[in-house]
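Quick notes on the structure that follows.
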Amino acid sequence: MKFQIFNFSSKESLQRSIYFGLLFAHLITAIYWFKDKNWMKFSTENYRIACYPVFKNCYEVVFENLFLVQSVFVLYLILSFMGLIVVVLDKKKVYLLIFFFLTFLKLCLLLSRYNLMGNYHTMHLSLCAVTILSFASNSYYRLALALQYVFAGLIKLNIEWMSGASLVSYSHYLIKGFWHSLSLAYVPTLELILIWGLLSKNVILRRITLLQLIIFHLYSILIVGFYYPLIMTGLLIPIIFQEFTEQKNEIRFVTNLHLKNLAPILFILLMIFWNISSKFYPIDQAMDGNVRYLSLNMLDAKLRCQHSLIEEKPDGTIVALNIPKLATYLRIHCDALVFESFLKRLCIQNPKSRFMFYLESSRTTDKNYSLVRNYKNVCEEI
């Protein structure tokens, strides 16, 4: 059976499928961001604003009237939908312009708020970058996609994943007991080893690998919901379209290192570096956003934490302060970056007070807590 939208007898049609998949992932992002009303994270009244280290003062970018920010999210949604239509209509200049703009817009929105972080965004934007730098090369796209699974697989080589402790819930699992344990071992095997079948010259091996990925993401809906699997669907669309056509599939990597080929290679090497280097950091990367925000970290661990915030007022009075719930997402509720952003705003609001703060965290599989932050004078140290 041949798909009629994309005729893979031409290189241009294959490139269109890549842009279609990436624009689909943009659309899913836009729908979920709009549904969750993420423009509220730019409100002057939002005390949960958290910042990346590269933009430590992001809390200064706030709005009393959120109409402008809401309009940006609406624009993102509309353009994502329009982009898919334009790809189908094969208006190349238009969909390229929309794709570049949406990729830049998503990057800016992500960098503006740490609260928006997520592995699916990192994976999506990484593949967008490879597509731009390689001029939508099928080979580099497949390589970059395979590496995303490898990075995700490296995270799972620990007791949290193998025991199931890092999973969100057990209540909706279709398989339990021995088969559940076997599936936990199978997933990193798929992501670290079997994934390379996507780059095989053997069409049967490629399709078997793709089928395993589809089943894996369908099952993951029971654990993580629809958002992540739908994003991954977008990233897999070019592979699905290509594999289920009659086109002869050739995976080639040009060895000529002129600028056209050097750019995607350097970016892929950078991807490898930022995902591997964090493993050598002296503190557990699951506990420290300064380490993990550049690398994949989905389901690396469930954390528990305890903290203390003491205020010394100008008159010498010592007061223990309660910290409100700063994060609604499980992945960052114990993240030091979330607390530090809150503390910075606290210092601005109380410039004459001295604050002391400590934070210690633990994986749910560990008995002991580890010290993550210990500030004797918060306003001078962060």
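Test T328 against the criterion of being hydroxyl-bearing (S, T, Y), surrounded by fewer than 19 Cβ atoms within 10 Å (Cβ to Cβ) and closer than 22 Å to I155 by Cβ, and give yes or no. So T328 does not fit the description; no. The requirement of being acidic (D, E), outside any helix (DSSP H, G or I) and over 21 Å from A263 (Cα atoms) is fulfilled somewhere in region 88-106, by at least one residue.
Selection of region 188-207 for residues being at pLDDT 95 or above and either open to solvent by 10 Å² or more (accessible area, probe 1.4 Å) or of a type in the set (A, V, I, L, M, F, W, C) (or both) yields T189, L190, L192, I193, L194, I195, W196. Checking the stated criteria, C108 turns out to be hydrophobic (A, V, I, L, M, F, W, C) and without any contact (Cβ under 8 Å) to a residue 12 or more places away in the chain. The selection criterion, being modelled with pLDDT of 95 or more, in a helix (DSSP H, G or I) and either of a type in the set (S, T, Y) or closer than 23 Å to R345 by Cβ (or both), holds for V69. Residue by residue through region 181-203, note down the ones that are in a helix (DSSP H, G or I) and of a type in the set (S, T, N, Q). Within region 181-203, S181, S183, T189 meet the criteria. Considering L266, L294, L259, the condition of being modelled with pLDDT of 85 or more, of a type outside the set (S, T, N, Q) and open to solvent by 30 Å² or more (accessible area, probe 1.4 Å) is satisfied by L266 alone.
Kindly establish whether P282 is farther than 30 Å from T122 by Cα and part of a loop (DSSP other than H, G, I, E, B). Can you show your working first?
Values: farther than 30 Å from T122 by Cα: no; part of a loop (DSSP other than H, G, I, E, B): yes.
Criteria not met by P282.
Being of a type outside the set (A, V, I, L, M) and either touching a His at 6+ places or on another chain (Cβ under 8 Å) or at pLDDT 95 or above (or both) holds for only one residue in F8, F20, and it is F20.
Please go through region 47-63 and give me each residue that is in contact with a strand residue (DSSP E or B) (Cβ under 8 Å, 6 or more places away or on another chain) and open to solvent by 50 Å² or more (accessible area, probe 1.4 Å), ordered by number. The one that is in contact with a strand residue (DSSP E or B) (Cβ under 8 Å, 6 or more places away or on another chain) and open to solvent by 50 Å² or more (accessible area, probe 1.4 Å): F63. Against the test of being farther than 24 Å from P229 by Cβ, out of contact with any Ser or Thr (no Cβ under 7 Å at 6 or more places or on another chain) and surrounded by 22 or more Cβ atoms within 10 Å (Cβ to Cβ), the options S126, S71, S137, S112 yield a single qualifying residue, S137.
The values are calculated or read from the model by the stated rules, or taken from the named source; none is laboratory data. If you're wondering where the values come from, they're calculated on a predicted model, not measured in any experiment. When we count neighbours, we look across all protein chains shown, and the Cβ atoms used for this are built from the backbone with ideal geometry, even at glycine. We work out accessible area using only protein heavy atoms, side chains counted, and drop any ligands, DNA or RNA first. Shrake-Rupley method; radii C 1.70, N 1.55, O 1.52, S 1.80 Å.
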